[in-house]
C-alpha cells in the first residue's frame, strides 16, 4: 500500500475569531497545520483561547502553541488591553466602521505575532505563515493592509536563514460576507469561534467586531451560532 505524499507545513496565527477560523479550515485542506495563539492581556483572552483550541481540534491542527505576551497589557493604549479605556459601541451607521483607527487597535500587535510565527516556521521547516488579516470591512487597523504584509515579507527575506518563508493573507481583500461564504464552503467551525471584544459568556453584539460579524450572517440569510446579549444588534 502506497503511503500518502507528505504535505507542506504551515504556521497559522489563530486568534479564535471568525476570520482566523476560516483561514484555519482553508489552510488545513492543503497543509500540515501548526497554529500559534497569543494571550496578550486582552479582555477576552480566556474565551479566545478556548475558541482557538476548539478550532484547532475541529480542523485537525497538528500542534497549538499557546504564547503569553505581557507587553501590551503593560503599555496599555488600547481598549482591548487597558481597563481604563472603554470598548466603544460600533457607529450607528455601519458604513462608518473603519473610517479611522479605533481605540481597539493594539499598537503594532501583528508584527509581534508574525515574528513569533516566522521563528517557529523556521524551526518546523515551514515556508508558509498564514494570518486572517482583512482590509475590507475591517475596523481600520493599519496592520491589516496589504502593503504591511508586503513589507513584512521583505523583512523575512532579509532576516531568516534561507529567506523562503512568506506570510500569506488569503482573506485580506474579501468582505465579511465573502469570508462567511468561503467558511461555509470549507466547513469552518463558526460555532466554536469568538469575535467579541468585551464579552466572554455572551457576545455583546454592539462592538465593531460583533456588528461586522452579525451583518455578514444577516446578509447571508444565516443565524450566527454563538450566543449574543439580548441588547445586541441582531436584527
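The listed residues are 57, 45, 50, and the only one of them that is more than 20 Å from residue 169 (Cβ to Cβ) and exposed (fewer than 15 other Cβ atoms within 10 Å of the Cβ) turns out to be 57.
With respect to the conditions (1) closer than 26 Å to residue 164 by Cβ; (2) in contact (Cβ under 8 Å) with a residue 40 or more places away in the chain; (3) in a helix (DSSP H, G or I), residue 51 lacks only one, and its number is (1). Scanning region 173-200 for residues that are in a loop (DSSP other than H, G, I, E, B) and either in contact with a strand residue (DSSP E or B) (Cβ under 7 Å, 6 or more places away or on another chain) or within 17 Å of residue 14 (Cα to Cα) (or both) yields 187, 188, 189, 193, 194, 195, 196, 197. Tell me which residues, restricted to region 182-197, are within 16 Å of the chain's Cα centre (by Cα) and surrounded by fewer than 20 Cβ atoms within 10 Å (Cβ to Cβ). If the condition is that a residue be within 16 Å of the chain's Cα centre (by Cα) and surrounded by fewer than 20 Cβ atoms within 10 Å (Cβ to Cβ), then 182, 189, 191, 192 are the ones that fit. Within region 162-171, is there a residue that is farther than 30 Å from residue 221 by Cβ, surrounded by fewer than 20 Cβ atoms within 10 Å (Cβ to Cβ) and modelled with pLDDT under 95? Taking every residue of region 162-171 in turn, at least one turns out to be farther than 30 Å from residue 221 by Cβ, surrounded by fewer than 20 Cβ atoms within 10 Å (Cβ to Cβ) and modelled with pLDDT under 95.
Take residue 136 and tell me if it is farther than 19 Å from residue 8 by Cα, surrounded by 14 or more Cβ atoms within 10 Å (Cβ to Cβ) and either at pLDDT below 95 or out of contact with any helix residue (DSSP H, G or I) (no Cβ under 7 Å at 6 or more places or on another chain) (or both). Answer is yes for this residue. For region 201-219, a residue qualifies if it is out of contact with any strand residue (DSSP E or B) (no Cβ under 7 Å at 6 or more places or on another chain), assigned to a loop (DSSP other than H, G, I, E, B) and closer than 19 Å to residue 105 by Cα, and the qualifying residues are 204, 206, 207.
All of 82, 30 fail the test of being out of contact with any helix residue (DSSP H, G or I) (no Cβ under 7 Å at 6 or more places or on another chain), within 24 Å of residue 121 (Cβ to Cβ), in a loop (DSSP other than H, G, I, E, B) and without any contact (Cβ under 8 Å) to a residue 24 or more places away in the chain, apart from 30.
The values are calculated or read from the model by the stated rules, or taken from the named source; none is laboratory data. Quick caveat, the model's predicted, so the values are computed rather than measured. Backbone-built Cβ (ideal geometry, glycine too); neighbour counts: all protein chains shown.
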